[in-house]
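Heads up, the thing below is written out as structure tokens.
The values are calculated or read from the model by the stated rules, or taken from the named source; none is laboratory data. What you are looking at is a predicted structure, and each value in this text was computed from that prediction instead of being measured. Note: ideal-geometry Cβ built from the backbone for every residue, glycine included; neighbour counts use all protein chains shown. Each accessible area value is taken on the protein alone, full model and side chains, heavy atoms only, with ligands, DNA and RNA left out. Shrake-Rupley method; radii C 1.70, N 1.55, O 1.52, S 1.80 Å.
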Protein chains: 2
Amino acid sequence: MNLPKSEEQLMQYLWEMEKAFMKDLIEKYPEPKPASTTIATLLKRLLDKKAIGFKKYGSVREYFPLISKEAYFSNQMNGVIKNFFNDSVSQFASFFTSKENLTDEQLKELQDIVQQQINARKK
Amino acid sequence: MNLPKSEEQLMQYLWEMEKAFMKDLIEKYPEPKPASTTIATLLKRLLDKKAIGFKKYGSVREYFPLISKEAYFSNQMNGVIKNFFNDSVSQFASFFTSKENLTDEQLKELQDIVQQQINARKK
DNA sequence: TTTATTATTCTACATTTGTAGAATAGAATT
DNA sequence: AATTCTATTCTACAAATGTAGAATAATAAA
């Protein structure tokens, strides 16, 4: 699933809120907000793609994501890693740690995170 | 600079080759290759966007990237990190190490990479 | 119940993207 | 020189995307 920018943005809000009525979503947008019909269109397109679902409360719909942020993101990353680092995760990691402007603290954090992960696995 | 898939693919080849004549690019594509005019169109669009340039050899053009793979990729990543991890690199790293299906070896590699990076910095 | 408000669907339309045929120009080959 | 091949530009067009007005339905407020 690869969503266009505008829909991804909306998903972002929805992931954040977990579930929301249209009006809540509209509120999320910063000024200048898009027309409400624009948002309605996006919701409809996302429904068609089965990226979101809704539960009816009377006649009002409460929307919620059908694909998790994790799954979606993971998918995006795989694409990036495949395309830019011919599928080598470590090549990616290497690039990431050196080129991405990580501060020393962040690098240290990363070290901890990796260590934790390693510990968590050897059980 | 955010390029559409088809152009990104072409850039990918060009980054790999560093510089290339149109025919070399065509060769890069796997079967079924797109029509040569399709590639020509993409080259033109990339020229318009100033993502690539060319040097003339007689009447033949040798194309080359004007934006580096590093810069482009870095930009992509920043977008992803900003959108998905509200700008927190470590939050990203954490997600990456746990959710991305890293093998134990890859995780170890990552550990080394981080260590190296840390060493490289404390001069 | 009349009116104003909100949510949804439909329709519309300009851009952007993916793809490629037609036309043209220069270069290589016969 | 005539023919063929290659690169490039132009034009074209369908599909996807970004955006929103018009119409309609359902609800809430006057």
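Report the local net charge at B:ARG61: Lys and Arg +1, Asp and Glu -1, summed over other residues whose C-beta lies under 12 Å from its C-beta.
Residues close to B:ARG61 contribute a combined charge of +3.
Calculate one ³J(HN,Hα) per residue across segment A:25-32 by plugging θ = phi - 60° into the Karplus curve 6.51 cos²θ - 1.76 cosθ + 1.60, and present them in order as whole Hz with x for glycine and proline.
Residue by residue, segment A:25-32 yields 5, 4, 4, 4, 5, x, 5, x Hz.
Per residue, how much accessible area does the protein assembly as shown show when a 1.4 Å probe rolls over the protein heavy atoms, in square angstrom?
It amounts to 58 Å² per residue over the protein assembly as shown.
About the Cα centre of segment A:15-123, what is the dipole size in debye to 20, counting +1 per Lys and Arg Cβ and -1 per Asp and Glu Cβ, all else neutral?
680 debye
Taking the full set of protein chains and a 1.4 angstrom probe, give the accessible area of B:ASP48 in square angstrom, rounded to the nearest 10.
110 Å²
Around B:PRO4, what is the net charge, scoring Lys/Arg as +1 and Asp/Glu as -1 over all other residues with Cβ under 12 Å from its Cβ?
For residues surrounding B:PRO4, the net value is +2.
Pick out which of B:LEU25, B:LEU46, B:LEU110 has the largest mean-square fluctuation in a Gaussian network model of chain B, springs linking Cα atoms closer than 10 Å.
In the Gaussian network model the winner is B:LEU110.
Which whole-number percent is the relative contact order of segment B:15-123 (Cα, under 8 Å, 6+ apart)?
Relative contact order here is 20 percent.
Quote the accessible area belonging to B:THR103 in square angstrom, nearest 10, computed with a 1.4 Å probe and with ligands, DNA and RNA left uncounted.
Near enough 60 Å² of accessible area.
How shielded is B:57-69 by partner chains, expressed as the average number of their Cβ atoms within 10 Å of its Cβ atoms?
The per-residue average across the peptide is 0.
With every protein chain left in place, what is the accessible area of B:LYS19 in Å² (1.4 Å probe, nearest 10)?
Accessible surface of B:LYS19 is approximately 120 Å².
So what's the net charge close to B:ALA51: Lys and Arg +1, Asp and Glu -1, counting the other residues with Cβ under 13 Å from its Cβ?
Its environment carries a net charge of +2.
Checking the a/c ratio against 1.5 first, then a/b against b/c, what shape does the Cα gyration tensor give for the protein assembly as shown?
The shape class here is oblate.
Leaving ligands and nucleic acids out of the surface, order B:ARG61, A:ARG121, A:ARG45 by accessible area at 1.4 Å, largest first.
Greatest to least solvent exposure: A:ARG45, B:ARG61, A:ARG121.
What is segment A:77-123 by shape, rounded, prolate or oblate, if you read a ≥ b ≥ c off the alpha carbon gyration tensor as root eigenvalues and call it rounded for a/c under 1.5, prolate for a/b larger than b/c, and oblate otherwise?
Oblate, since a/c reaches 1.5 and b/c is not below a/b.
Give the B-A buried accessible area in Å², both sides summed, 1.4 Å probe, nearest 100.
Counting protein atoms only, the buried area is about 4000 Å².
If you rank B:LYS50, A:LYS69 by how much accessible surface each has, with a 1.4 Å probe, what is the order from largest down?
Order by accessible area, largest first: B:LYS50, A:LYS69.
Compute the orientation-averaged projected area for chain B from the convex hull of its Cα atoms and round it to one decimal in nm².
Reported value for the Cα convex hull: 11.0 nm².
How do B:ILE52, B:ILE26 rank by accessible surface area computed with a 1.4 Å probe, from largest to smallest?
Sorted descending by solvent-accessible area, the residues read B:ILE26, B:ILE52.
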